[in-house]
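The values are calculated or read from the model by the stated rules, or taken from the named source; none is laboratory data. Just so we're clear, the structure is a prediction, and the values are computed from it rather than from any experiment. All Cβ positions, even for glycine, are placed from backbone atoms using ideal geometry, and neighbour counts span all protein chains on display. The accessibility values were calculated without ligands, DNA or RNA, using every heavy atom of the protein model including side chains. Shrake-Rupley method; radii C 1.70, N 1.55, O 1.52, S 1.80 Å.
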Amino acid sequence: GDSVTQMEGPVTLSEEAFLTINCTYTATGYPSLFWYVQYPGEGLQLLLKATKADDKGSNKGFEATYRKETTSFHLEKGSVQVSDSAVYFCALFVSGSARQLTFGSGTQLTVLP
Amino acid sequence: DAGVIQSPRHEVTEMGQEVTLRCKPISGHNSLFWYRQTMMRGLELLIYFNNNVPIDDSGMPEDRFSAKMPNASFSTLKIQPSEPRDSAVYFCASSRSGGSSYNEQFFGPGTRLTVL
């Protein structure tokens, strides 16, 4: 079946540090890939997406590149801010999947001033 | 736009009581999802509706859980009887359509349920 594996957290960084959160996937078809973010006390919201191999999704300084050869979609940001503290979820969608999105377990990020 | 609305935001109840969680999806969205989030199990899809019809309820834990969508603007998730292990944050999400294409899911703020 389809699955998403994320690096385990929590991750704690100082402000302006470089961020990488690893995400790998297995899928029965050709998936679209997503990163969702959950700020404290809120629901999840879409951060960025990529729908085909070598696509790069980007938003709010975050980037992730769809790597089919390594089945990965790692999230990166060059300089994190305290306001980036949140839980980040990698997810995939395979066309025709009745269960819609398959989420990873989430990675808690804390950015210290 | 108001976004997905969930009520109540917090619910504390005693074991054995009935709990009803409510969701109003974004107007014009025809797919609705109920999720449960816990530290131990992460984010789990419980049930998914398309055009008010349940499409996939394989994530519903057991017969104590039931979900309905009587119309396009309202859904409920009911737990009867509730147990302490049901304590979690329950999210409702909606999107424009289901089927074979992906459309962004918009999440509500969640209901934090505590069963004592």
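Model label sites at residue B:85 and residue A:54, defined 7 Å from Cα along the beta-carbon direction, differ in position by 4.9 nm.
So if I place +1 on the C-beta of Lys and Arg and -1 on the C-beta of Asp and Glu, and nothing else carries charge, what would the dipole magnitude of the protein assembly as shown be about its Cα centre? I want it in debye, nearest 20.
On the way: 19 positive and 23 negative charges, 84 e Å.
About 400 debye.
Compute the accessible area per residue over region B:58-116, keeping the other protein chains in place, probe 1.4 Å, unit Å².
Values: 2570 Å² over 59 residues.
It amounts to 43 Å² per residue over region B:58-116.
For residue A:52, a cut-off of 20 angstrom between C-alpha atoms picks up these lysines, skipping any fewer than 8 places away in its own chain: A:68. With all projection directions averaged, the alpha carbon convex hull of chain B covers 6.7 nm². Based on every Cα atom in chain A, Rg and the maximum pairwise Cα distance Dmax equal 13.5, 44 Å. Maximal additional length on extending the residue B:7-residue B:76 stretch stands at 23.9 nm, based on 0.36 nm per residue less the C-alpha distance.
Placing a label point 7 Å from the Cα of residue A:71 along the Cα-to-Cβ direction, the residues of region A:43-61 with a backbone N closer than 16 Å are A:53. For trypsin sites (Lys or Arg not before Pro), the sites in region B:1-98 that DSSP calls loop and that have at most 16 other Cβ atoms within 10 Å are B:9, B:41, B:64, B:96. The alpha-carbon of residue A:77 sits under 16 angstrom from the alpha-carbons of these lysines, leaving out residues fewer than 8 places away in its chain: A:49, A:56, A:60. A simple spin-label model places the labels of residue B:116 and residue A:108 2.5 nm from each other, with each point 7 Å out along Cα-to-Cβ. Entry for the protein assembly as shown at q = 0.13 Å⁻¹: log10 I(q)/I(0) = -0.78, Debye formula applied to identical alpha-carbon scatterers, no solvent contribution.
For chain B, a simple Cβ point-charge model (Lys and Arg +1, Asp and Glu -1, everything else neutral) yields a dipole of about 240 debye relative to the Cα centre.
Chain pair A, B: how much accessible area is buried, both chains summed, with a 1.4 Å probe, in Å² to 100? Walk me through the intermediate numbers first.
Working: alone 6000 and 6410 Å², together 10780 Å².
Between A and B, the summed buried area is about 1600 Å².
Each label point was placed 7 Å from the Cα along the Cα-to-Cβ direction; for residue B:18 and residue A:8 their separation is 4.2 nm. Annotation: Cα Rg of region B:13-56 relative to the compact-globule expectation 2.2 N^0.38 Å equals 1.41. Taking Cα centre as origin and charging only the Cβ of basic (Lys, Arg, +1) and acidic (Asp, Glu, -1) residues, the dipole magnitude of chain A rounds to 340 debye. DSSP beta bridges fully contained in chain A are about 90 percent antiparallel.
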